[in-house]
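Heads up, the thing below is written out as structure tokens.
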2 protein chains.
Amino acid sequence: MAMYPPIIVTVDVVLMTLCLDVLCVALIRRPNAPFAGELALPGGYVHAQEDGNAEDAAYRILREKMGIKPPYLEQLATFAGNQRDPRGWSASIAYFALVSPTTEATWQPVNELQKLAFDHPAIIQAAVDRLRSKSAYSVLPAYLLPETFTLAELQKIYEQVLGSPLDKSSFRRKIKELDLLDQVAGSFQVGNQRPAQIYRLKKMMTFDRTLSQSAPRKTGRSGQ
Amino acid sequence: MAMYPPIIVTVDVVLMTLCLDVLCVALIRRPNAPFAGELALPGGYVHAQEDGNAEDAAYRILREKMGIKPPYLEQLATFAGNQRDPRGWSASIAYFALVSPTTEATWQPVNELQKLAFDHPAIIQAAVDRLRSKSAYSVLPAYLLPETFTLAELQKIYEQVLGSPLDKSSFRRKIKELDLLDQVAGSFQVGNQRPAQIYRLKKMMTFDRTLSQSAPRKTGRSGQ
DNA sequence: CTAATAGTGTCTTTCAGACAATATGGG
DNA sequence: CCCATATTGTCTGAAAGACACTATTAG
């Protein structure tokens, strides 16, 4: 079998959180070529000696470049081809991760990104799409909050991510049915108001429990 | 930056169809080491010279090894690490494809697979899971049928893939709402029965239209 | 008391599941 | 007429949306 030049294999992570109610992604300014000086996703080569698998590499990169271990990480997709890196044929195994907004990083709103290195805009778009679609039927957005939060805060996150307002009663009904939150002793209060119950995500091994919160109904019938 | 030994980059395709109402996957007996003589998914090295991107590689492999161009192909996930290939650290960009049962191949039922090369059982399992989950809200299973089919045939496919019987009336209501099928002139008949209307998939650029056929309702209320 | 937000109750609409009724072919 | 399957119609119950109502704090 013929030999081909080695293919560049990297891992890039779309690390997201919510800053001031706006979905943001963590970016790093590249110190070296290619795209030296430009903003890029945290990423790097797979280290065959250190990384047992691709997820290990993603965790290592987040540890080395961001100093964190995110509570949620999943593989997004692989972006591969001869056009995305001037050095040659490359494959980027992309992950997406969610963290609390207390995480230190250079956060940039996903809706107003400047020019980025490589095809990172496309990777970020894919991550945002994935987050949106999964938010419709899972508790993923809770990972964008601090460990404890109120239901009002959680609803705001969902509305931000999904881009449409939700009914308070229906939202609470769904969340209660899901039974994925634990009450936390204590409450949160600001100003002259009734204090709110505090919750946290239940410790679980499985994400992706069915939420099945559907899109808002249309008022009129769409013909027959 | 330190140099690392080159990483093996391959593309593997889970090519599926329905043979005698059973979901099957196309396998090839490996002629060479590693795993010579064992069954494996059609796959191969990425050819940096020929393949512009990973999807190109998947199509090339299906063309070379199976002699087909499938009507549906999507990236599944990337399986990468140092344990899956005895030659070293490897990354397999896995795709999954659906074809009509008229396609010539060595089909094996996905439920009774023998020992396979590499981690191909896990890749196949991921493909089946993906097909199942997408079948709940898309018209994907139609790609498992010949180009034209009746609604009864289509419903049987859904029942096979989803693993549970569907109500005839509800199923037709959903399909009609989706508006993803075109009527074909002519009809299909067997025996002394009313002939059935023939349909085909509409030509479209987008898959994944919302079907929102939900899981069967539970009869009782689950507490509060 | 008021202001402000937290949290609940209830009516209505929508839609999937169940299943019956009708339609259309050949004998 | 019969049978067998295709196709449509209708009823019902569960769940989502709309929205009003009550609860709890500070002052």
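In segment A:168-180, the residues that are within 7 Å of DNA strand D (Cβ to nearest atom) form Cβ pairs under 7 Å with partners that are at pLDDT 95 or above, at six or more places apart or across chains, as follows: A:LYS168/A:GLN155.
Set side by side, the residues A:PHE96, A:PHE149 differ, and just one is more than 27 Å from B:GLN49 (Cβ to Cβ), in contact with a helix residue (DSSP H, G or I) (Cβ under 9 Å, 6 or more places away or on another chain) and outside the structural domain of A:PRO34 (by TED's automatic domain parsing), which is A:PHE149. Residues that are surrounded by 15 or more Cβ atoms within 10 Å (Cβ to Cβ) and under 14 Å from the mean Cα position of the chain (by Cα) do not occur anywhere in segment B:44-57. Of all residues in segment A:57-115, those being of a type in the set (Ser, Thr, Tyr), under 30 Å from B:TYR45 (Cα atoms) and touching a Phe, Trp or Tyr at 6+ places or on another chain (Cβ under 8 Å) number 1. Listed conditions (1) within 14 Å of chain B (Cβ to nearest Cβ); (2) at pLDDT 95 or above; (3) more than 8 Å from DNA strand C (Cβ to nearest atom) are all met by A:ARG173, apart from (3).
For segment B:138-167, a residue qualifies if it is surrounded by fewer than 17 Cβ atoms within 10 Å (Cβ to Cβ) and touching a residue at least 60 places away in the same chain (Cβ under 8 Å), and exactly one does: B:GLN160.
For segment B:92-118, name all the residues that are in a loop (DSSP other than H, G, I, E, B) and open to solvent by 30 Å² or more (accessible area, probe 1.4 Å). Hits for segment B:92-118 are B:PRO101, B:THR102, B:GLU104, B:ALA105, B:THR106, B:ASN111, B:GLU112, B:LEU113, B:GLN114, B:LYS115, B:PHE118. Condition check for A:ALA58 on (1) within 14 Å of another protein chain (Cβ to nearest Cβ); (2) assigned to a loop (DSSP other than H, G, I, E, B): one failure, at (2). With respect to being within 14 Å of chain B (Cβ to nearest Cβ), surrounded by fewer than 17 Cβ atoms within 10 Å (Cβ to Cβ), modelled with pLDDT of 95 or more and under 25 Å from B:ILE93 (Cβ atoms), A:GLY81 falls outside the description. Evaluated against (1) under 25 Å from A:ILE28 (Cβ atoms); (2) open to solvent by 40 Å² or more (accessible area, probe 1.4 Å), A:LYS176 falls short on exactly one condition, (1).
Do we find that B:THR10 is in a strand (DSSP E or B), under 28 Å from A:GLY52 (Cα atoms) and not hydrophobic (A, V, I, L, M, F, W, C) in this structure? Criteria met by B:THR10. Only residues that are within 15 Å of DNA strand D (Cβ to nearest atom) and assigned to a loop (DSSP other than H, G, I, E, B) were counted across segment B:147-167, and they come to 3. Of the residues that sit in segment B:84-116 and are within 14 Å of chain A (Cβ to nearest Cβ) and among the basic types (Lys, Arg), which one is nearest to the chain's Cα centre (by Cα)? Step by step, filter segment B:84-116, then rank; the result is B:ARG84.
The values are calculated or read from the model by the stated rules, or taken from the named source; none is laboratory data. Please read all numbers here as calculations on a predicted model, not as lab measurements. Neighbour counts are summed over all protein chains in view; Cβ atoms, including those assigned to glycine, are modelled from backbone coordinates with ideal geometry. These area figures cover heavy atoms from the full protein model, side chains too; ligands, DNA and RNA do not enter into them. Shrake-Rupley method; radii C 1.70, N 1.55, O 1.52, S 1.80 Å.
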